[in-house]
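Colleague: Next up is a structure, given as structure tokens.
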């Protein structure tokens, strides 16, 4: 976590977007046919109708028809098919006090 905060600070100091210096997850959606997710933690579930992907601070659930995991690499996952829905389940921050 500290390394991620340090990368965010350095990129902000240099005037770059936060994700330019670190491994902040990114998602690129191309129409309703393809999703590229960079820096996932793991692929939790995949069928031809549901794909669940764990990110450091959230889960992504992709639903649709004829879904396929076209690429599964440590740095990215590519899902293709007819995408109907993309849902984010964000982990809640712990609050103290």
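The values are calculated or read from the model by the stated rules, or taken from the named source; none is laboratory data. In this text the structure is predicted, and so the values were computed from the model without any measurement. Heads up, the Cβs are rebuilt from the backbone with ideal geometry, glycines too, and the neighbour counts pull from every protein chain shown.
Okay, residues lined up against (1) modelled with pLDDT under 90; (2) touching a strand residue (DSSP E or B) at 6+ places or on another chain (Cβ under 7 Å); (3) surrounded by 12 or more Cβ atoms within 10 Å (Cβ to Cβ):
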position	(1), (2), (3)
11	yes, no, yes
23	yes, no, yes
38	no, yes, yes
42	no, yes, no
49	no, yes, yes
61	no, yes, yes
69	no, yes, yes
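Colleague: Write out, first by first residue and then by second, each pair whose Cβ atoms fall under 8 Å of each other, whose residues are 6+ apart or on separate chains, and whose first residue, in the stretch 77-91, is at positive phi and crowded, with 16+ Cβ neighbours inside 10 Å while the second is outside any strand (DSSP E or B) and modelled with pLDDT of 95 or more.
Modeller: Matching pairs, first to second residue: 81/33; 81/48.
Colleague: Follow-up question, since we're still on this one. If I ask for residues that are more than 8 Å from the chain's Cα centre (by Cα) and free of Cβ contacts under 8 Å to residues at least 40 places away in the same chain, which ones from the stretch 32-55 would you list?
Modeller: 41, 42, 43, 44, 45, 46, 47, 48, 49, 50, 51, 52
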